[in-house]
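The structure appears right after this line, and notes come after that.
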Amino acid sequence: MRILPQVTAPAQYLGGELHSISKDWSDSGAKMVFAFPDLYEIGMSHLGLRLLYEAINNHSPHLCERVFMPQEDMCAALRRFALPLYSLESHHELKDFDVIGFTLQYELSFSNILAMLDLAGIPLTTAEREDSAPLIVAGGPCAYNPEPLAEIVDVFFIGEGEDLDREFLDLVAEVKAAGGGRSEILRRAVQIPGVYVPSFYQAEYDSRGRFSRLLVRPEAPAETPETIKKRIVSHFDQVEFPEKPIMPWITPVHDRIMLEVMRGCSHGCRFCQAGMIYRPIREKSVETLLAQARAQAKNSGYDDMALLSLSTADYSCVEGLMGRLLEEHAPQSVGISLPSLRVDAFSVNLAARTQEVRKSGITLAPEAGSQRMRDVINKGVTEEQILSAAAAAFSQGYTRVKLYFMIGLPFESDSDLKGIAELCQKILRLGKEHKPAEIKKPIQLSLGVSSFVPKCDTPFQWQPQDAPEELKRKQELLREYIKPMRSVSISYHDRDSSRLEAVFARGDRRLNQVLLKAYRSGCRMDGWKEYFRPDLWEQAFAECGFSPAEYAQRSMVYGEALPWGHVLCGVDPEWLWKENIRAGRAELTGDCRREECNNCGLCDSAWQNSLQPRDKALPPQPQKRKLPPAACKYRCRLSVHSPAAWLSHLDLLGAVEKTLRRSGLPMAYSQGFNPHMLISWGPAHPVGLYSDSEYVDLLLHRECTEDIPTAFNAFAPPGLRMLECRQVPLEEEALMSVLNYAEYRAFSLQELGEETDLRIQELLAMESLPVERYSSKGKKRVDLRPSLVELRREGNALFFAVRMDRGAAAKPGEICRLLLGEQAVSCCRSALYIAGEKEKRLP
């Protein structure tokens, strides 16, 4: 706890979130920590974490906890206090676990793996680890080319992990129970399908210094396979799914219910790795999804439900599913969102149905501006379909449309870039024609433009990436084309980070040296532009004697040995090469879900027969649902203690709103496009402040027969409680306008005495108490003395009272620092009042 006041968003390091699982350490089998090599706010948005956390903790004898990459200030604090990186559930240091499992979602997170191992005090390479050290395992999309991490990661999981992870943990528990260690686990792990143990293989290179082959080492176990085939979950409709999702303390990037409607995609975009490695398509039944939605809505309190897949509009029963979800959850103001849509009018009209609860923007991904380039990449959409989708969006009242494009694609010319601008012009014209007359907002297009990155297991895995200089030229050219259109904004992905991504996406085992060198030079958090240091990466490549261009910008040929060739995603490499050839001729390959099989090599027609034919009819037009108005107001007093005390005020507000939804209390919502729960707060709650006096007004659409505190407390997260509640008139003044007097008590860990009394007398005798405050606008000097009305010592505690209507109200931390310096204290807001000149009263 001594670290928490010194770091940003300290709640992310606490653990103990609602629905997190803390299993008995001594009574569990194998002990695994799921390590997400990015910040908490990113990792807690990850569906894979939720799935594996559920599968291991609730459907196996083993234990799974969580750890995330700390922010820079927390990394510094851990080092300063000589504390190791720890798990959130039990606060065990990572060295105590049997398995540390990293998910590899993005190549630019690789340096964070090293940073987390380093913070945990674990040697960075397999060769340096003793037999008692934890096993470092990794899976996810980047594991399909594991070689750039082959000297760092002990074991790679290839494919879907729900079954694979538990089989591996079964083995770990069995070997540990018999007194064995890492070496025996690794030798036996090669027998598990989907497991790759890189230390049993030797990479060889030709006279040009290029990868030539990967051999099984002579000393490897006899069962070591030459190739590793990915694991596929065949029982997708029955796969374990969390009914009680962990409720993050701080707001993650995607704060919502997640419904995975299907896996896989059959569109065959030639640049898209996900579309290849997640084949074949499997769907969940409507009844399964309705049950999962019902349970998550009840247990989470979220107001948004996302239907997740690579292309949700392709789900066979999408219209029926959406209709039933809206019928059941819209009355509770829970909206539906579709993060992944095709570019056609059906998808846009489908998205419009989600606006029945709240209005949001719409995103389309044409990927390329010219029809030739869309055929090259096998996007499978025509300009007519794009314009039809845009017209449908404008007709539905959308005024802001986001468009995703990619530049630097194989076979691209400058005329294709000009095609992006021409397409935008046509879309803007459609906006003027189809926007409803009652909508006055102007049409705005927002372009997100990424750079092509060749990925393994795609038809474009052999294609080079444009040099950074060429990408810069294309970005500037496109900006010139777009410049005359004032209604169009454009943003680009960083060129240098795209190149590094391509290097690791197609890299070989020698990149381990570069990665280690770059990390030791200071590289980490490379996916965040404020931390990315391309100069240090260039230096690392130079010192190791390798060229980034050799990996990213070189054309490869069919038959050439590929560093990832031993890892089989199931799609036939010969088919991928044929797709690459067809791309050069701008030939389309049909969607095998709707047309004949393309013979990609992964599956037969059996899975197709299990999919229902999709209804081609457009979904009904959205109907705006009217919510009942506020009918009564209740004034409530809350207590906020650890761990909830470490939330920011906005995160605390979110926690209260979710608790109210879980409780089922008849909350009232605002009217309009984006309904929100009608809650009125008193003064903001400072991070780290304990409190027995936080006031909030709740507006309900009917008088409540339930006991409100009891209903609230039954669903509240740890540290948050409702102490009392009473009905007040609807017209009662807002809390923020009347609460103006606060009392605090600060408890010191050190003994307070006469010296403190003398300091109190000095402060009270001063005419002014100037302090400096810092914000995003800079430094500001304020005087606390007018607001400080009482200050005294009560034994080993300080009591002070502050008027909040007399200039800059003194903050508890400021008073404590003036009196006690940097001494550690625990501070509590004991009361809030409505104060006049001579008396004060409770609200």
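The values are calculated or read from the model by the stated rules, or taken from the named source; none is laboratory data. These numbers were taken from a predicted model, which means no experiment stands behind them. With ideal geometry, Cβ positions are generated from the backbone for all residues, glycine too; neighbour counts draw on all protein chains shown. Heavy atoms of the whole protein, side chains included, go into the accessibility calculation; ligands, DNA and RNA do not. Shrake-Rupley method; radii C 1.70, N 1.55, O 1.52, S 1.80 Å.
What to note about this one:
- Being at pLDDT 95 or above, small (Gly, Ala, Ser) and assigned to a loop (DSSP other than H, G, I, E, B) holds for only one residue in ALA711, ALA684, ALA716, and it is ALA716.
- Selected residue (only one of ILE152, ILE122 is within 20 Å of VAL67 (Cα to Cα), in contact (Cβ under 8 Å) with a residue 60 or more places away in the chain and in a loop (DSSP other than H, G, I, E, B)): ILE152
- Hits in the stretch 668-714 - residues which are open to solvent by less than 10 Å² (accessible area, probe 1.4 Å), over 28 Å from the mean Cα position of the chain (by Cα) and within 30 Å of TYR398 (Cα to Cα): ALA668
Residue by residue, here is whether (1) assigned to a strand (DSSP E or B); (2) under 30 Å from TYR558 (Cβ atoms); (3) at pLDDT below 95; (4) over 29 Å from the mean Cα position of the chain (by Cα) holds:
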{"site": "LEU447", "(1), (2), (3), (4)": "yes, no, no, no"}
{"site": "CYS456", "(1), (2), (3), (4)": "no, yes, no, no"}
{"site": "PHE460", "(1), (2), (3), (4)": "no, yes, no, no"}
{"site": "GLN465", "(1), (2), (3), (4)": "no, yes, no, no"}
{"site": "ARG479", "(1), (2), (3), (4)": "no, no, no, yes"}
{"site": "GLU501", "(1), (2), (3), (4)": "no, yes, no, no"}
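- Only a single criterion out of (1) free of Cβ contacts under 8 Å to residues at least 24 places away in the same chain; (2) in contact with a strand residue (DSSP E or B) (Cβ under 7 Å, 6 or more places away or on another chain); (3) of a type in the set (Gly, Ala, Ser) is not satisfied by ALA291, namely (2).
- Top-ranked residue of the stretch 214-229 - restricted to ones that are within 37 Å of the chain's Cα centre (by Cα) and of a type in the set (D, E, K, R), ranked as surrounded by the fewest Cβ atoms within 10 Å (Cβ to Cβ): GLU226
- Residue-level check: of (1) touching a strand residue (DSSP E or B) at 6+ places or on another chain (Cβ under 7 Å); (2) in contact (Cβ under 8 Å) with a residue 60 or more places away in the chain; (3) open to solvent by 10 Å² or more (accessible area, probe 1.4 Å); (4) more than 21 Å from LEU51 (Cα to Cα), TYR86 misses just (2).
- The stretch 1-19: number of residues that are buried (at least 19 other Cβ atoms within 10 Å of the Cβ), in a loop (DSSP other than H, G, I, E, B) and of a type in the set (Gly, Ala, Ser): 2
- Matching residues, the stretch 541-574, being without any contact (Cβ under 8 Å) to a residue 40 or more places away in the chain, closer than 24 Å to PHE452 by Cβ and not acidic (Asp, Glu): PHE541, PHE546, SER547, GLY559, PRO573
- Considering the stretch 118-144, and only residues there that are polar (S, T, N, Q) and closer than 19 Å to TYR519 by Cβ, the residue that is surrounded by the fewest Cβ atoms within 10 Å (Cβ to Cβ) turns out to be THR125.
- The stretch 58-80: number of residues that are of a type in the set (A, V, I, L, M, F, W, C) and open to solvent by 10 Å² or more (accessible area, probe 1.4 Å): 2
- In the set LEU798, LEU730, only one residue is part of a loop (DSSP other than H, G, I, E, B) and touching a strand residue (DSSP E or B) at 6+ places or on another chain (Cβ under 6 Å); that residue is LEU730.
- Taken together, ILE407, ILE443, ILE439 contain a single residue that is β-branched (Val, Ile, Thr) and modelled with pLDDT of 95 or more, which is ILE407.
- Note on the stretch 158-187: residues that are under 19 Å from LEU215 (Cα atoms) and outside any loop (DSSP other than H, G, I, E, B) total 2.
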